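Enquirer: Pasting a structure below so you can have a look.
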Amino acid sequence: MDRIRIVGGNKLQGTIPISGAKNAALPLMIASLLTRERLTLKNVPELADVNLLVRILGNHGVDYAVDGKRNGGSQHAHTVHLTAGDIVDTLAPYDLVSRMRASFWVVAPLVARMGEAKVSLPGGCAIGTRPVDLLLMALEKLGATIEIEAGYVIAKAPKGLRGAEISFPKVTVGGTHTALMAASLAHGHTVIHNAAREPEVVDLADCLIKMGARIKGAGHSTIEVEGVANLSGAYHTVLPDRIEAGTYAMAVAMTGGDVLLEGARPELLQSALDRIEETGASIDATNQGIRVRRNGAGIAAVDMTTAPFPGFPTDLQAQFMALMTRAKGTSRITETIFENRFMHVQELARLGARIRLEGDQAIVEGVERLEGAPVMATDLRASVSLVIAALAAEGETIVNRVYHLDRGFERLEHKLSACGAEVERLASPG
C-alpha cells in the first residue's frame, strides 16, 4: 500500500489548480442513469471514488468514455461521456457499494426510471453511522415501497413514482440529491422542505435542468420539482472543489507563503475563508481564483463550529484542527454534523499536537513546534489533515494508508511539490 513521505518546513509558493468537485461529480455521474441519452461532464477529477463509480455504473449498463476514448486512457479525466441507453441490471452489489457511500444514491434514478432497484446498504469512511433512513423516507414519500432484506434495500414503484411533499427532519445532502433525481421523473409536483443548500446540490439541479427537469429553488431550503416523462442528454461542467480549495488555503496558512488557488470560487466556501483570515492569513479573490498568503507571523487561535452550507463545512474540520495545532493560544472546534469525526486527533497527537476531546468539542492547545512521525490515515479528510500538519512539522512524516487521499484529492503530492513542498509518494514494496 502506497505511503506519502513529507519533510516539513518549506513555505508554499506558486499556483495550485483546483480540480472539479468530487462531491458534485459523483451525483452528476449517477444522474446519467435517468436518461437514455448521453450525458457529458467536463472537469471530472481523476479519483479513486470516480473510478469505482464508473465500475458501478458499468454494472448497470452505462457506457463510459473519457475524452472520446473508451474506458479511460487519459492520465487526468477532464471530460467524460456517460450513456445509459439500456439499464441491463438494477442490482448494485455489496462488493461495490460497500466501498463508497455515495454509490448508494443509484437507488433513486433506478427506481424512478425502471420501477425497481436492489442496492446494497453502503460503506465508505468510518465517521459515524450516517444512516440512509432519510433517503429511503424520501423515496417512500414519492410512492416507492421499501424493504430491507439480507443487507440490501429493495425499492419498487412498478407504476412509477408520484410527486409528494418531502420534509426532511434535518438537512441531508444525500437525501436532497436522492429526492431531486427521483422527483425529476415522478408524476406530478414535489416540494422538498429543509433541503440541503450546498453548492453541489445546486450543481446537480443545474445539470438536471439542462437535461429537461423542471426544478425551482435549488440553493434554498425549499425546492419544487415538476416531474417530466423523460430526460434528455446534456453537457455540464462540474463546479470547482471547495473542499480542496479550503484544504490548500489552510496548508498555506499553516506553512506561510503565497499561493494562487486557480479556479477556486470564494462564494463556495466563504465561511471557511473567513475563519482562515481570522487566523492571520490574507485572502484575496482574483479573476484567476483565490490568492492565499501568510508572511510568517504567528497563527491566531480561532474557535469554529461546523454547520450545513453556508456554514463551515464538516469536510474541512480536520484540516482546520491541524492548522490550530500551531496556533498561539487555545481554540475550540465543535463538530455538529457527524458524531465520530475526531478520529484524526490521536494521529495529530503523534506529531506533538495537544488536543483533548469533550463530547462534540475538541479543545486544541497550540504548540510551538510539531515533529515528524509515522501516522496513519483513518478517513479521507483526516488523512489530508495529517499532510497539512506534516508540512509544518520538523523532520520527516510518513502518512500510511494514503488510498484515503486518492479517493478525494487529485494529484495531491504533485500539486504541493510544484509549490515547493518536499512531498513524495512511496510505492508499496513488492
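Enquirer: Looking only at the stretch 372-393, decide whether some residue is acidic (Asp, Glu), more than 25 Å from the chain's Cα centre (by Cα), surrounded by 15 or more Cβ atoms within 10 Å (Cβ to Cβ) and assigned by TED's automatic domain parsing to the domain that holds residue 332.
Expert: no
Enquirer: Ok, one more. If you take the residues in the stretch 325-338 that are under 16 Å from residue 360 (Cβ atoms) and of a type outside the set (S, T, N, Q), which one is surrounded by the fewest Cβ atoms within 10 Å (Cβ to Cβ)?
Expert: Of the residues in the stretch 325-338, the ones under 16 Å from residue 360 (Cβ atoms) are 331-338.
If we keep only those that are of a type outside the set (S, T, N, Q) too, we end up with 332-333, 335, 337-338.
Working: 332: 15, 333: 24, 335: 23, 337: 21, 338: 18.
Here the answer is 332.
Enquirer: Something else about it: Would you mind finding the one in 286, 314 that is over 24 Å from residue 397 (Cβ atoms), in contact (Cβ under 8 Å) with a residue 12 or more places away in the chain and in contact with a Ser or Thr (Cβ under 6 Å, 6 or more places away or on another chain)?
Expert: 314
Conditions tested, residue by residue: (1) among the β-branched types (Val, Ile, Thr); (2) farther than 17 Å from residue 347 by Cβ.
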site: 364; (1), (2): yes, no
site: 370; (1), (2): no, no
site: 385; (1), (2): no, no
site: 397; (1), (2): yes, no
site: 402; (1), (2): yes, no
site: 416; (1), (2): no, yes
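Enquirer: Here is a further query. Residue 265 versus (1) closer than 30 Å to residue 169 by Cβ; (2) in contact with a Leu (Cβ under 9 Å, 6 or more places away or on another chain): which is the lone unmet condition?
Expert: (1)
Enquirer: Kindly evaluate residue 301 against the criterion of being within 13 Å of residue 250 (Cβ to Cβ) and crowded, with 16+ Cβ neighbours inside 10 Å. Reasoning before the result, please.
Expert: Numbers: within 13 Å of residue 250 (Cβ to Cβ): no; crowded, with 16+ Cβ neighbours inside 10 Å: yes.
When the stated conditions are applied, residue 301 does not pass them.
Enquirer: Given the options 405, 380, name the one that is touching a Lys or Arg at 6+ places or on another chain (Cβ under 6 Å), at pLDDT below 95 and not basic (Lys, Arg).
Expert: 380
Enquirer: Restricting to the stretch 248-288, what's the tally of residues that are out of contact with any helix residue (DSSP H, G or I) (no Cβ under 8 Å at 6 or more places or on another chain) and surrounded by 24 or more Cβ atoms within 10 Å (Cβ to Cβ)?
Expert: Summing the residues that are out of contact with any helix residue (DSSP H, G or I) (no Cβ under 8 Å at 6 or more places or on another chain) and surrounded by 24 or more Cβ atoms within 10 Å (Cβ to Cβ) in the stretch 248-288 gives 1.
Enquirer: While we're here: Just checking, how many residues over the stretch 207-230 are surrounded by fewer than 18 Cβ atoms within 10 Å (Cβ to Cβ) and in contact with a strand residue (DSSP E or B) (Cβ under 9 Å, 6 or more places away or on another chain)?
Expert: So the answer is 12.
Enquirer: Looking at the structure I just gave you, is residue 146 closer than 27 Å to residue 271 by Cβ and among the β-branched types (Val, Ile, Thr)?
Expert: So residue 146 does not fit the description; no.
Enquirer: Ok, one more. Given the criteria more than 29 Å from residue 368 (Cβ to Cβ) and in the same structural domain as residue 359 (by TED's automatic domain parsing), does residue 277 qualify?
Expert: Numbers: more than 29 Å from residue 368 (Cβ to Cβ): no; in the same structural domain as residue 359 (by TED's automatic domain parsing): yes.
So residue 277 does not fit the description; no.
Matching residues to (1) within 17 Å of the chain's Cα centre (by Cα); (2) of a type in the set (Asp, Glu); (3) outside the structural domain of residue 184 (by TED's automatic domain parsing):
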| residue | (1), (2), (3) |
| --- | --- |
| 35 | no, no, no |
| 45 | yes, no, no |
| 49 | yes, yes, no |
| 54 | yes, no, no |
| 84 | no, no, no |
| 100 | yes, no, no |
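Enquirer: Modelled with pLDDT of 95 or more and either of a type in the set (D, E, K, R) or over 21 Å from residue 16 (Cα atoms) (or both): which single residue out of 307, 281 fits that description?
Expert: The unique qualifying residue is 307.
Enquirer: If I filter the stretch 57-94 down to residues being at pLDDT 95 or above and of a type in the set (Asp, Glu), which single residue comes out as nearest to residue 35 (Cα to Cα)?
Expert: 86
Enquirer: Criterion first (over 30 Å from residue 142 (Cα atoms) and not polar (S, T, N, Q)) does residue 308 satisfy it? Please lay out each step first, then the result.
Expert: On the way: over 30 Å from residue 142 (Cα atoms): no; not polar (S, T, N, Q): yes.
So residue 308 fails the test.
Enquirer: Just for the stretch 414-430: of the residues that are modelled with pLDDT under 95 and assigned to a loop (DSSP other than H, G, I, E, B), which one is nearest to residue 12 (Cα to Cα)?
Expert: Taking the candidates together, the pick is 427.
Enquirer: How many residues, within the stretch 343-365, are under 17 Å from residue 404 (Cβ atoms) and buried (at least 23 other Cβ atoms within 10 Å of the Cβ)?
Expert: Residues of the stretch 343-365 under 17 Å from residue 404 (Cβ atoms): 343-348, 350.
Checking the rest, the ones that are also buried (at least 23 other Cβ atoms within 10 Å of the Cβ) come to 344, 347-348.
So the count comes out to 3.
Enquirer: Continuing with the same structure: Quick test for you: out of 153, 191, pick the one residue that is among the hydrophobic types (A, V, I, L, M, F, W, C) and closer than 23 Å to residue 49 by Cα.
Expert: Going through 153, 191 in turn, the sole match is 153.
Enquirer: Conditions: (1) aliphatic (A, V, I, L, M); (2) crowded, with 21+ Cβ neighbours inside 10 Å; (3) farther than 27 Å from residue 37 by Cα. Residue 146 meets all but one. Number of the miss?
Expert: Against the list (1) aliphatic (A, V, I, L, M); (2) crowded, with 21+ Cβ neighbours inside 10 Å; (3) farther than 27 Å from residue 37 by Cα, residue 146 comes up short only on (2).
Enquirer: Show me the helices (runs of 4 or more DSSP H) found entirely inside the stretch 182-280 where at least 1 residues are more than 30 Å from residue 302 (Cα to Cα).
Expert: Answer list for the stretch 182-280: 199-210.
Enquirer: Would you check if there is a residue in the stretch 175-187 being at positive phi and either outside the structural domain of residue 308 (by TED's automatic domain parsing) or modelled with pLDDT under 95 (or both)?
Expert: no
The values are calculated or read from the model by the stated rules, or taken from the named source; none is laboratory data. Computed from a prediction, not measured in an experiment: that's the story for all the values here. Note that each Cβ is placed from the backbone with ideal geometry, even for glycine, and that neighbours are counted across all protein chains shown.
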